[in-house]
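Asker: Below is a structure I'd like to ask you about.
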């Protein structure tokens, strides 16, 4: 019999229903995760989300955001996520007005630039912006 940790539920969630809550995208970390993707991340419930109850799930921490962005770049249709009870502060919506800030310390390869451009396009289709 499957044992669930106390206070947590897990669910397979479509990528299109997951919403970021933090305005910073740490490009170097996302690129690293894309290049070193572990298929177990798709099923281990390590991405934590909050269920808003309106067919939308909010990402709750930075690690979850980074894996979500990498999964989006890799075209993953869904991820096994852990649902938490505490609602995160949606800084991206409330303070940053759905504007992302890309943060990178390293020179990107042409392949990595394409990956980040794909991510920007995918998030732009969801109504997010990337001011220059």
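The values are calculated or read from the model by the stated rules, or taken from the named source; none is laboratory data. Quantities reported herein were computed from a predicted structural model and do not represent experimental measurements. Reconstructed Cβ throughout: ideal geometry from the backbone, glycine too, with neighbour counts over all protein chains shown.
Asker: Kindly indicate which of 20, 77 is modelled with pLDDT of 95 or more and surrounded by fewer than 12 Cβ atoms within 10 Å (Cβ to Cβ).
Answerer: 77
Asker: Can you name the condition, by its number, that residue 29 falls short on among (1) at pLDDT 95 or above; (2) crowded, with 18+ Cβ neighbours inside 10 Å; (3) closer than 22 Å to residue 10 by Cα?
Answerer: Looking at each condition in turn, residue 29 falls short on (3).
Asker: Let me ask something additional. If only one of 106, 85, 67, 114 is touching a residue at least 12 places away in the same chain (Cβ under 8 Å) and surrounded by 12 or more Cβ atoms within 10 Å (Cβ to Cβ), which one is it?
Answerer: 67
Asker: Which one is modelled with the lowest pLDDT, of the residues in region 32-58 that are farther than 14 Å from residue 78 by Cα, in contact with a strand residue (DSSP E or B) (Cβ under 8 Å, 6 or more places away or on another chain) and buried (at least 17 other Cβ atoms within 10 Å of the Cβ)?
Answerer: 51
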